[in-house]
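Trainee: Structure below; questions to follow.
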Amino acid sequence: MPSRFNLIEEDRQQKGGEKRSETAGRWQHDSMQKMLTIISNVLRGSASRHAASMVASSRSYADFTPEATFDIKKVDLHRLEEGPPLTATLTREEGLKYYRTMQTIRRMELKADQLYKQKIIRGFCHLYDGQEACAVGIEGGITLSDHLITAYRAHGYTLTRGGTVREIMAELTGRRGGIAKGKGGSMHMYTKNFYGGNGIVGAQVPLGAGVALACKYLGNDQLCVSLYGDGAANQGQIFETYNMSSLWKLPIIFICENNQYGMGTSVERSSASTEYYKRGDYIPGLRVDGMDVLCVREATKFAADHCRSGKGPILMELQTYRYHGHSMSDPGVSYRTREEIQEVRSKSDPISMLKDRMLSNNMASIEELKEIDIAVRKEIEDAAQFATTDPEPPLDDLCSHIFANDQPFEVRGATPWTKLTSTS
């Protein structure tokens, strides 16, 4: 028979168990409520982001400003009564196209920098980041049936002239899928109506005059854009070309991309006169803000009309800036300060300038431009993957494509008993 003490103890334990069970039940209920609240918040947040995305997406078709007019910097003139307009009209489609192209050039060059430092890209490599408004603006002022030739800082022009990121990156790494089949490298890329990519300083300028002479001879209403840098501006062959082009009234636009430094030498230390747009003397000239894509485009249109009207050559100086050194072997900070580079980035960056114009005039949304950035980065990464996995061209291809249309013929190799075949 249980004692009174045992009965009391059993009763206390039973009540304690019930209390613990009640507490556990309450804890489980509270935990479940918290879990449901978290799930609800997550779902609401996801729904809000999805709704915002749908709103941004739907805005791209209806609520954006389709066209806007902007004031642009006045162009300095030489031997001209009037110059390009002081305003430029930009459509939404043009703005998005220019933004995407400039971002593609910028990201492509940054990836090339990375691959060079990893020793995947070798040899000479001159990057174009900072000067994107020049290439994109020039292309906006001419047509793809016109002709263009430039120096060795050519990656951006290869893209605007019709090359693909995949072909350019593969050429940089010397692969078979490169735009010159892996045999040209950084300085020697070509597309239809684009003649490089030339490694000899200033040598492309007289070649451009030859192309312009062909345009005039054929009477096809086309012109040639012949580009060079401030570092090449003192070359004698450039002045000879000015003279011949003026005598023959050739349809050529000479463009000096003045990025302030010829290799590591500032323009003030290398040129007695830094007014490069006046260097043609008897040839009319324009000095243009080369960091503003709209300013470059309008000046190029003006210059193209001048050439097509039979007035002969015209000279443009684009005042621009490169963020990288002269080439990948130049760190770019021994002759200029990091603060100088950062100031240009913060005040005059061509991509930021276009982006601000579009956003402040409701021509695009931040979300839409971010989507373009993401798509561009993916395109660059995909191209880099191809450029590092595509095979190198075989030795048998070394002497091919010497001539455009010819029967195969033998080429002697490095030794008399080594024979290679050239095919067109």
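Trainee: Out of the residues in the range 181-190 that are free of Cβ contacts under 8 Å to residues at least 40 places away in the same chain and surrounded by fewer than 22 Cβ atoms within 10 Å (Cβ to Cβ), state the one that is nearest to residue 225 (Cα to Cα).
Mentor: Step by step, filter the range 181-190, then rank; the result is 190.
Trainee: Is at least one residue of the range 140-153 more than 27 Å from residue 211 (Cβ to Cβ) and not β-branched (Val, Ile, Thr)?
Mentor: No, every residue in the range 140-153 fails to be more than 27 Å from residue 211 (Cβ to Cβ) and not β-branched (Val, Ile, Thr).
Trainee: Would you be able to say whether some residue in the range 165-174 is open to solvent by 10 Å² or more (accessible area, probe 1.4 Å) and assigned to a loop (DSSP other than H, G, I, E, B)?
Mentor: Yes; the residues of the range 165-174 include at least one that is open to solvent by 10 Å² or more (accessible area, probe 1.4 Å) and assigned to a loop (DSSP other than H, G, I, E, B).
Trainee: Looking at the range 395-407, is at least one residue touching a strand residue (DSSP E or B) at 6+ places or on another chain (Cβ under 8 Å), at pLDDT 95 or above and open to solvent by less than 40 Å² (accessible area, probe 1.4 Å)?
Mentor: No: the range 395-407 contains no residue that is touching a strand residue (DSSP E or B) at 6+ places or on another chain (Cβ under 8 Å), at pLDDT 95 or above and open to solvent by less than 40 Å² (accessible area, probe 1.4 Å).
Trainee: Quick one: in the range 59-84, of everything that is open to solvent by 60 Å² or more (accessible area, probe 1.4 Å) and in a helix (DSSP H, G or I), which residue is modelled with the highest pLDDT?
Mentor: 62
Trainee: On the basis of being under 23 Å from residue 304 (Cα atoms), without any contact (Cβ under 8 Å) to a residue 24 or more places away in the chain, of a type in the set (A, V, I, L, M) and open to solvent by 50 Å² or more (accessible area, probe 1.4 Å), does residue 207 make the cut?
Mentor: Numbers: under 23 Å from residue 304 (Cα atoms): yes; without any contact (Cβ under 8 Å) to a residue 24 or more places away in the chain: no; of a type in the set (A, V, I, L, M): yes; open to solvent by 50 Å² or more (accessible area, probe 1.4 Å): yes.
Spelling it out, it is not the case that residue 207 is under 23 Å from residue 304 (Cα atoms), without any contact (Cβ under 8 Å) to a residue 24 or more places away in the chain, of a type in the set (A, V, I, L, M) and open to solvent by 50 Å² or more (accessible area, probe 1.4 Å).
Trainee: Only one residue in 140, 162 is in contact (Cβ under 8 Å) with a residue 24 or more places away in the chain, touching a Lys or Arg at 6+ places or on another chain (Cβ under 7 Å), assigned to a loop (DSSP other than H, G, I, E, B) and open to solvent by 10 Å² or more (accessible area, probe 1.4 Å), so which one is that?
Mentor: 162
Trainee: List the number of the failed condition for residue 200; all other conditions in (1) within 13 Å of residue 151 (Cα to Cα); (2) open to solvent by less than 10 Å² (accessible area, probe 1.4 Å) hold.
Mentor: Checking residue 200 against (1) within 13 Å of residue 151 (Cα to Cα); (2) open to solvent by less than 10 Å² (accessible area, probe 1.4 Å), the one that fails is (2).
Trainee: Out of everything in the range 245-280 that is open to solvent by 30 Å² or more (accessible area, probe 1.4 Å) and aliphatic (A, V, I, L, M), what residue ends up being farthest from the chain's Cα centre (by Cα)?
Mentor: Here the residue is 247.
Trainee: Name the residues in the range 337-369 that are touching a strand residue (DSSP E or B) at 6+ places or on another chain (Cβ under 9 Å) and surrounded by fewer than 15 Cβ atoms within 10 Å (Cβ to Cβ), would you?
Mentor: Residue satisfying the conditions is 362 alone.
Trainee: What are the residues in the range 281-306 that are more than 22 Å from residue 247 (Cβ to Cβ), assigned to a strand (DSSP E or B) and either acidic (Asp, Glu) or open to solvent by less than 40 Å² (accessible area, probe 1.4 Å) (or both), if any?
Mentor: Of everything in the range 281-306, those that are more than 22 Å from residue 247 (Cβ to Cβ), assigned to a strand (DSSP E or B) and either acidic (Asp, Glu) or open to solvent by less than 40 Å² (accessible area, probe 1.4 Å) (or both) turn out to be 288, 289.
Trainee: Looking only at the range 147-159, count how many residues are crowded, with 24+ Cβ neighbours inside 10 Å and not in a helix (DSSP H, G or I).
Mentor: Of the residues in that region, 6 qualify.
The values are calculated or read from the model by the stated rules, or taken from the named source; none is laboratory data. Note that the structure is a prediction, hence the values are computed from the model and not measured. Reconstructed Cβ throughout: ideal geometry from the backbone, glycine too, with neighbour counts over all protein chains shown. When the accessible area is computed, the model is the full protein with side chains, heavy atoms only, and any ligands, DNA or RNA have been set aside. Shrake-Rupley method; radii C 1.70, N 1.55, O 1.52, S 1.80 Å.
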